[in-house]
Every structure is written in structure tokens, then in C-alpha cells.
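These notes are about the structure you will find just below.
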Amino acid sequence: MTEQEYYYIDGEFVKAQDAVISVMNHSFLYGTSVFEGIRAYYNKEENQLYAFRMKEHFERLENSGKIMRMSSGKSVEELCEIAKETFKKSNYRCDAYMRPQIYKKAESVCPSVLGMPDGLMMLTLKLGDYCDLEKGLKVCVSSWKRSDDNAIPPRAKISGCYANTALIVSDAKAMGFDDAIVLGPDGHVTEGSAMNLFLVQNDKLVTSNITDNILIGVTRNTVIEIAKEFGIETVERPVDRTELYISDEAFYCGTGAQISPITEIDKRPVGDGKVGEISKKIQKLYFDVVKGKVEKFKKWCTPIYD
């Protein structure tokens, strides 16, 4: 069987090239949709594709929907089964990615979401690494601020909110950086352009509070849990900008970013300017975990193929 990417749209599995929505679709016109990103990792030795932490991603999708007055109309268990079937139909024998999306499917130019029907789609694609995971990233502190919980809440993965991300990452790249770190409205550190941030200080992980205008990351939680395997404590607290310049190590984490070490911030070296040992240890264990190679954490890995 050859690979042919399939999407799920409103109750049907369709070939990728046949998946379309109207240009009058409300979510296209106003960004009124919520989404998730789920990675699936191919374990060549087992000839198995493992979707990582699907349940947690769909739980967060439903919470994003509650904030935006929308719902998939499915249970988390049903969403997991649909996702598994979508991956299976595409028959990947490589690392892959899924984007589930709840969207307002009305054809309307009225910005209100009240009374407008919801749709559910899931798309898949092949996806490898899109950050340099070995030599370390060179990043800046963005001049753009992260949107506030009382404006467009970063706690929800709202499509329209990623215009903020687009400005942040585009300007950073235009200035020659790989990405950017974003401050919140109060001037404290939040996260990267579209990923959470960890610092290493005195052999402890430091990261922003979940109330500091960040996405409460599934990978963030994974890092906190697997760091315990090395006896590494995580401190969650407000983080000042100047701490970025004096930390021993730094790394991004997220479904897309995975574990991406940072070696330079605002033209200042992080630590000795090389990928740190704690970052390396966490990164290595993370990639074993997501491929189903660590029995303790295999509960997080959903096998796609029977």
C-alpha cells in the first residue's frame, strides 16, 4: 500500500487534494477556529507509527473550543479514534503530523460566532525537524508583545491569534535570527514565537507560570515529567528579560519545535555558547520517549497500525 494523504472533514475521510472549504467560510474570514498539532513518530524497528499524547492534545482542543464558543461534538475518545483512522489511511512510514481543527463553518461576514455551526477537520502531512536540533538556535527578544488573556487568550490555540506569531517570527527571521522570545504585556518573559521556553539555572529548569500568557504546552508538561528522571527540578515563576542573558542554558519545546536548544539570545551567548548538557540529556530522552522506546512513558504513545 502506497502513501496517499487523507484528511477528515465533517464526518468523511477524503483525499488531501479533494479537501476544500468555501472562501466565504467564517473561520477563513475571521480566524474563528481552534486547532492542535499532534506529532506521530515512526519506529522503524517495530514498523509502527506512534502518535504522541493524543488524548492530552484533544483535551486541550476541547478547552480551546469552550473559550471560543465552539465544540467538536465528539468525546475525546471519539476524536482519538478518528485521528488514528486518519493517520492509518495515509499509511505513513515516516514521522508525520496532524492538525485537528474545530472551525466555524458558516458562510457569513458577521464576526459574531453565536448561532453559527461548528465543523471538525483533521489534516495530516509528513513532517521532520523544522528547527536545528543540534547546533543551537540564535534568537532575539521580539519587539512584539504576546497577546493578553483578556484580549485573545494564548491559553487557547486560536487560529486568528497566530497573526501575532507571524509578526514575531517573520521579523526575527528578517533580522537574521532563527526565532524570537516574546514578552507579555507586563514585560515578563512568556515563550517563543509558537513554543514554550525553558531556562537552566543552577541545575534547575525555570519556566514561566501558566498564568503568564503562555500556551499550556503538552510538550512543556512532558519536559517537566522526564526531567524528573534525572532528578532535575522545575521551577515555574515569573521570568525577567535579563534572566535570559545570565542563564546557563535555554531551550524551546513544543510539538513542532520538539526540544530545540538555544545558544544565543540578543547576540549574547547562552552559557558558553554551546548546547548545554542538561538540554542534550532531555532532548535524547524525549526522542526515545516519543518513539515508544521507554516503557515507563509508553502510555503516552498511541500505536496507529494494528
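The values are calculated or read from the model by the stated rules, or taken from the named source; none is laboratory data. Here the structure is a predicted model, which is why all the values come from computation and not from measurement. Note that we place each Cβ from the backbone using ideal geometry, even for glycine, and neighbour counts take in every protein chain shown. All accessible areas refer to the heavy atoms of the entire protein, side chains included, with ligands and DNA or RNA removed. Shrake-Rupley method; radii C 1.70, N 1.55, O 1.52, S 1.80 Å.
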Revision key, fill the gap. Within the stretch 117-167, residues being at pLDDT below 95 and among the acidic types (Asp, Glu) number 3
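Conditions tested, residue by residue: (1) closer than 28 Å to Lys89 by Cβ; (2) open to solvent by less than 50 Å² (accessible area, probe 1.4 Å); (3) in contact with a His (Cβ under 6 Å, 6 or more places away or on another chain); (4) touching a residue at least 40 places away in the same chain (Cβ under 8 Å).
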site: Leu244; (1), (2), (3), (4): no, yes, no, yes
site: Ile259; (1), (2), (3), (4): no, yes, no, yes
site: Ser279; (1), (2), (3), (4): no, yes, no, yes
site: Leu285; (1), (2), (3), (4): no, yes, no, yes
site: Val289; (1), (2), (3), (4): yes, yes, no, yes
site: Glu295; (1), (2), (3), (4): no, no, no, no
site: Lys298; (1), (2), (3), (4): yes, no, no, no
site: Cys301; (1), (2), (3), (4): yes, yes, no, yes
site: Tyr305; (1), (2), (3), (4): yes, yes, no, yes
Check your understanding: Quick check: anything in the stretch 61-71 in a helix (DSSP H, G or I), open to solvent by 70 Å² or more (accessible area, probe 1.4 Å) and within 13 Å of Met121 (Cβ to Cβ)?
Key -> no
Practice item. Looking at (1) more than 15 Å from the chain's Cα centre (by Cα); (2) of a type in the set (Ser, Thr, Tyr); (3) crowded, with 23+ Cβ neighbours inside 10 Å, find the lone condition where Ser170 falls short. Key: (3)
Check your understanding: Is it the case that Arg93 is closer than 20 Å to Ala16 by Cβ, touching a residue at least 40 places away in the same chain (Cβ under 8 Å), within 16 Å of the chain's Cα centre (by Cα) and open to solvent by 30 Å² or more (accessible area, probe 1.4 Å)?
Key -> no
Check your understanding: What number of residues in the stretch 206-216 are open to solvent by less than 10 Å² (accessible area, probe 1.4 Å) and either touching a helix residue (DSSP H, G or I) at 6+ places or on another chain (Cβ under 6 Å) or over 20 Å from Gly276 (Cβ atoms) (or both)?
Key -> 1
Check your understanding: All but one of (1) in contact (Cβ under 8 Å) with a residue 40 or more places away in the chain; (2) among the polar types (S, T, N, Q); (3) open to solvent by 40 Å² or more (accessible area, probe 1.4 Å) hold for Ser75; which doesn't?
Key -> (1)
Exercise for review: Search the stretch 217-230 for residues being under 17 Å from Ala250 (Cα atoms) and in contact with a Gly (Cβ under 9 Å, 6 or more places away or on another chain), and hand back the single one that is surrounded by the most Cβ atoms within 10 Å (Cβ to Cβ).
Suggested key: Thr219
Point to revise | Qualifying position, being surrounded by 14 or more Cβ atoms within 10 Å (Cβ to Cβ) and free of Cβ contacts under 8 Å to residues at least 60 places away in the same chain, among Asp248, Asp240 | key: Asp248
Check your understanding: What pairs can you find where one residue is in the stretch 32-54 and in contact (Cβ under 8 Å) with a residue 12 or more places away in the chain and over 20 Å from Ile102 (Cβ atoms), the other is charged (D, E, K, R) and open to solvent by less than 20 Å² (accessible area, probe 1.4 Å), and their Cβ atoms are less than 9 Å apart, with a gap of 6+ or different chains?
Key -> Phe52/Arg39
Practice item. Filter the stretch 122-150 down to the residues that are of a type in the set (A, V, I, L, M, F, W, C) and open to solvent by 30 Å² or more (accessible area, probe 1.4 Å), then identify the one that is nearest to Pro261 (Cα to Cα). Key: Leu127
